[in-house]
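Worksheet: one structure, shown below.
The values are calculated or read from the model by the stated rules, or taken from the named source; none is laboratory data. None of the values given here were measured: they were computed from a predicted structure. For neighbour counting, all protein chains shown are included, and Cβ atoms are generated from backbone atoms with ideal geometry for every residue, glycine included. These accessible areas exclude ligands, DNA and RNA; they are computed on the full protein's heavy atoms, side chains included. Shrake-Rupley method; radii C 1.70, N 1.55, O 1.52, S 1.80 Å.
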Amino acid sequence: MQLSGRRLLVVSNRLPVAVIDDNGNWKVGPGAGGLVTALAPVMRENRGVWVGWPGCGSEAPAVSLIEAYSTQQDYDLKPVILAEEDVRKFYRGFSNQTIWPLFHDLLGHCTFDAEGWVAYVDVNRRFAEVVAGLIEPHSFVWVHDYQLMLVGYFLREMDINHHISFFLHIPFPSRDLFRRLPWKSDIIQSLLEYDHIGFQTRYDWRNFIQCVKAFVPGATIKNYKKESIVTYGNRAIRLGTYPISIDFNEFNEAAKTKEVADAAWFVHENVKSSILVLGLDRLDYTKGIPERFMSFERMLEKYPDVQENISLIQIVVPSRLRVPDYRNLKENLDSLAGRINGRFSRHGWIPIHYMFRTLDRTQLLGHYRACEIALITPLRDGMNLVSKEYCASSIDNDGILILSEFAGAAEQMAKGAIVVNPYDIEGTADAIYSAYIMDPEERRQRMRILRAEVRRNNVKKWIEWFLHAYQQIPSEIPTGETADV
Ligand code: GDG
């Protein structure tokens with residue numbers, strides 16, 4: 001997709017590559033993640049530059065390594081170097097112990113630490129300095145996510161008047177939650193220095209508007225059909241919803257390969273149950289894994305005929321283990337899985353196959369294909385790409401998706417999925433049982449709806465919507481209708 005000669009400058013906390021210590025040798029290699037795959041073609045076509053942290057401390061020779069690596073790519077990579085102290089206070093601290101839990105409605109996990117805020121401000125300013133040094137007259141700047149909410153503000157301070165966009169990958173909290181944040185006014189006013197802000201769902205968009213009304217005196221808001229325009233001082237800021245997605249064709253095609261079919265066969269062959277239920281998440285308290293284990297336990301207890309016929313395969317990908325709440329969660333999961341397995345296991349059958357590890361891509365797709373049911377029950381999630389990847393890989397059209405109503409994906413996928421409230425252990429247990437007994441025709445009908453949705457609204461469309469929205473005149477709401485915000 002061409003941006004009429006404009007140069008795309010993407011800014012995210014992590015670069016799409018990682019610098020790692022390989023037994024004393026520093027190496028640079030491709031990073032993982034959907035955003036990289038999605039943005040790479042647009043970056044190539046528009047002579048893109050990607051600014052971010054390479055994931056290593058300041059002792060690594062990141063600048064020279066990335067410069068050398070960059071010459072082999074079709075777009076440039078520019079590292080922002082962070083010392084261990086920055087990573088501790090800005091990343092593990094303010095970003096992941098204040099903003100992350102607050103924006104996921106989990107106030108009990110929040111710490112409000114002034115030192116963390118100072119580091120967050122400082123690192124955002126340093127990101128902005130790197131961006132300012134790279135900006136050209138026709139650059140199109142696109143900043144990503146909750147770690148970098150102040151970059152726009154600092155760019156304006158440096159007299160950068162370019163169009164700057166921001167996309168929030170995680171939820172935006174309600175006014176009542178957001179007001180707990182001691183730095184709420186700084187954050188929301190800084191966000192209004194962007195020209196265009198994208199949210200995953202209408203719910204997040206609505207929450208943001210309510211926060212603007214409450215905490216930004218003097219701002220006015222006009223709602224259009226699918227967008228709002230906030231006027232603040234002499235600036236007009238466009239807000240809209242752009243649900244992120246995946247490359248449907250890539251998953252659909254990869255799922256058909258022999259390697260993936262073999263990997264799926266291996267999974268089923270080694271778990272002695274006729275029905276497999278998949279849970280796949282980063283280690284995170286937002287993902288609702290303990291509640292999922294308890295729902296599965298309740299289902300085994302309430303419907304004993306399923307015992308020995310169904311198993312939950314739960315893959316937990318290691319993440320943020322240096323944050324205490326994540327270590328505690330890991331301990332909790334270890335003990336819950338052990339207790340439930342101790343209670344129900346029989347010779348030759350285990351109810352929960354719990355693995356704390358990362359899968360390679362073939363294994364990941366093999367699990368998507370092998371499991372008859374996906375149980376995706378976050379307490380809160382910006383979108384949840386796993387739910388979309390599961391449907392795109394369900395090439396036999398007969399997988400069942402059980403999805404939390406608090407995942408952003410539910411806004412698009414409620415029609416084909418079985419939607420649950422993950423806090424409702426009894427209700428989720430019943431939902432797993434209803435999936436277990438669902439007849440093949442209903443399974444196919446539901447999965448057809450889901451696959452059509454993911455195919456239609458794929459990641460390319462997400463990028464196009466977002467990058468083109470700023471050029472369009474917002475469409476007026478027809479007379480007689482009210483804004484659905
Ligand atoms: C944030 C927001 C939003 C997982 N395990 C393995 C593996 N994965 C890949 C999946 C998927 C990605 O990681 C996880 O994406 P999610 O969207 O589910 O979750 P977050 O990491 O929390 O992402 C979220 C997203 O940003 C995008 O805006 O949807 O709400 O929290 O792509 O495939 N990949 C491999 N092995 C694994 O074991 N290879």
Here the tail fraction of P(r) beyond 15 Å, over all Cα-Cα pairs of the stretch 55-119, rounds in percent to 60
Violations at 30 Å Cα threshold for listed pairs K225/K256; K27/K272; K287/K461; K78/K256; K184/K460; K256/K302 -> K225/K256; K27/K272; K78/K256; K184/K460; K256/K302
Computed on Cα atoms only, the convex hull of the stretch 9-162 has an orientation-averaged projected area in nm² of 9.9
Shape call for the stretch 1-62, from the Cα gyration tensor axes a ≥ b ≥ c (a/c under 1.5 means rounded, otherwise prolate when a/b beats b/c, else oblate), comes out prolate
Placing each pseudo-label 7 Å from Cα in the direction of the beta carbon, V317 and I20 end up separated by a distance in nanometres of 1.3
Taking only protein heavy atoms and a 1.4 Å probe, the highest-to-lowest accessible-area order of E405, E193 is E405, E193
With R₀ set to 41 angstrom, the calculated FRET efficiency between the beta-carbons of K225 and S185, to the nearest 0.05, is 0.85
If each part is reduced to its alpha-carbon centroid, the stretch 158-224 and the stretch 377-420 end up apart, in Å, by 27
Using alpha carbon positions and the Kirkwood radius, the Rg to Rh ratio of the stretch 263-344 is 1.00
The answer for trypsin sites (Lys or Arg not before Pro) in the stretch 375-441 that fall in a DSSP coil and have at most 15 neighbouring Cβ atoms within 10 Å is K415
In this structure, the FRET efficiency calculated for M158 and S335 from their beta-carbon separation, with R0 = 45 Å, to the nearest 0.05, is 0.30
Pseudo-spin-label distance R456 to Y470, built 7 Å along Cα→Cβ, given in nm, is 2.9
Trypsin sites (Lys or Arg not before Pro) in the stretch 317-374 lying in a DSSP loop, each with at most 16 other Cβ atoms within 10 Å of its Cβ, come to R322, R357
On each of the three principal axes the extent of the alpha-carbon atoms of the chain, given in whole Å and largest first, is 69, 67, 43
Surrounding charge for V230, neighbours by C-beta under 14 angstrom, Lys/Arg +1, Asp/Glu -1, total +2
Each label sits 7 Å from Cα toward the beta-carbon; between N234 and N421 the label points are separated, in nm, by 5.0
Checking the stretch 4-100 for GluC sites (Glu not before Pro) in a loop per DSSP with at most 14 other beta-carbon atoms within 10 Å yields E59
